[in-house]
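Quick notes on the structure that follows.
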Amino acid sequence: MVRSDKLKFGVSWGSPPDNARRSQTVVEILYRWHLTHNITFSPDLQVTFNPSFKEEKDTIYIIGTRFRYNF
């Protein structure tokens, strides 16, 4: 099985059930590296615009990593 690196991008929009809160948009981008046949590593960035439950902020950034080992 041939494995290759991948760039992934996603966008979502959500409106909370409480109409007093604002709608938010989330953008996520990650890159998945296949380090070996069984090991992948993925750095990830998520950006939330107009967060519904953090109205004092206009944008929130979340940086993460994923490490996966298949056996």
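Tabulated data
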{"quantity": "Euclidean distance of C-alpha centroids, region 1-21 and region 57-71, integer Å", "calculated": "12 Å"}
{"quantity": "J(HN,Hα) series, region 23-36, from Karplus relation 6.51 cos²θ - 1.76 cosθ + 1.60, nearest Hz, glycine and proline x", "calculated": "6, 10, 10, 10, 10, 10, 9, 8, 10, 10, 9, 8, 6, 9"}
{"quantity": "Using θ = phi - 60° and Karplus 6.51 cos²θ - 1.76 cosθ + 1.60, couplings along region 40-57 (whole Hz; Gly, Pro as x)", "calculated": "10, 9, 9, x, 9, 10, 10, 10, 10, 9, 6, x, 4, 9, 9, 5, 6, 10"}
{"quantity": "Lys/Arg +1, Asp/Glu -1 at C-beta; the chain dipole; positive extreme among Ser15, Ser42, Ser52", "calculated": "Ser42"}
{"quantity": "Student exercise, the chain dipole from Lys, Arg, Asp, Glu Cβ charges, in Debye to nearest 20", "calculated": "320 debye"}
{"quantity": "Relative contact order of region 21-71, pairs being alpha-carbon contacts under 8 Å that are 6 or more residues apart, as %", "calculated": "37 percent"}
{"quantity": "Viscosity 1.567 mPa s, temperature 4 °C, Stokes-Einstein D of the chain from Kirkwood C-alpha radius, µm²/s", "calculated": "92 µm²/s"}
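Read the figures in this text as sums done on the coordinates, not as results from a lab. None of the values given here were measured: they were computed from a predicted structure. All Cβ positions, even for glycine, are placed from backbone atoms using ideal geometry, and neighbour counts span all protein chains on display.
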